[in-house]
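Student: Quick one: this structure, given as structure tokens, is what I'll be asking you about.
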């Protein structure tokens, strides 16, 4: 009887252990995002973030986003960049616009690790809204619409978090459906 109970307990523990491991590895853009890799190491594998990765490289932010952090990155998809006016991405990627590109990209980054539950707590404490300070010196506003998490920029632009809590070795990524822009 003791052996049977022990085996049943061991099987349950293994099952829950594997389930827990699987839940930590989130799929983004058709690629697994491994929590033991850093933001850049994971982002380069996402087919949905090739524009963002190209922008991070053009802005010379690779080393920063590979550093210890922790960082919270609100990561716009390729489709989000496609919503910008025609020619915007191409213009930002030009070497002479590197400073502007750095400002736009670091506007999507907050110091520290802000999981969705942390943001939700801040929203509750803020009576429906939470302010998140960005690395660029700007602010983002977070709020909930039903069960969905939204982030707005200082110009009133809004992005929905489509995939939350993609944990990284140096922070967390939240995939968003729009590019957020700092105050003009």
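Student: For helix 2-24, report the angle its Cα long axis makes with the longest principal axis of the Cα atoms of the chain; keep it between 0 and 90° and round to the nearest 10°.
Tutor: 10
Student: As I understand it, the value is the acute angle between the Cα axis of helix 116-125 and the longest principal axis of the Cα atoms of the chain; what does it come to in degrees, rounded to 10?
Tutor: 70
Student: Using 1/(1 + (r/R0)^6) with R0 = 22 angstrom and r between the beta carbons of residue 143 and residue 83, what's the FRET efficiency to the nearest 0.05?
Tutor: After rounding, the FRET efficiency stands at 0.60.
Student: Another question about this same structure. Just to compare against my own numbers: the Cα pair-distance distribution for the range 26-176, 5 Å bins, whole % per bin, please.
Tutor: Each 5 Å bin holds this share of Cα pairs: 2, 10, 19, 24, 22, 15, 7, 2, 0.
Student: For every helix of n ≥ 4 consecutive DSSP H residues, a contribution of -39,500 (n - 2.57) applies; sum these over the chain, divide by its total residues, and give [θ] at 222 nm rounded to the nearest 500 deg cm²/dmol.
Tutor: After summing the helix terms and dividing by residue count, I get -11000 deg cm²/dmol.
Student: Right, another one. What's the ranking of 166-175, 118-127, 98-107 by average number of surrounding C-beta atoms within 10 Å, highest first?
Tutor: 166-175, 98-107, 118-127
Student: Quick one: order 74, 81 by neighbouring beta-carbon count within 10 Å, fewest to most.
Tutor: 81, 74
No lab work stands behind these numbers, since they all come straight from the coordinates. What you see is a predicted model, and the numbers here were worked out from it, not measured in a lab. Cβ coordinates were reconstructed from backbone atoms using ideal geometry, including for glycine residues, and neighbour counts include every protein chain displayed.
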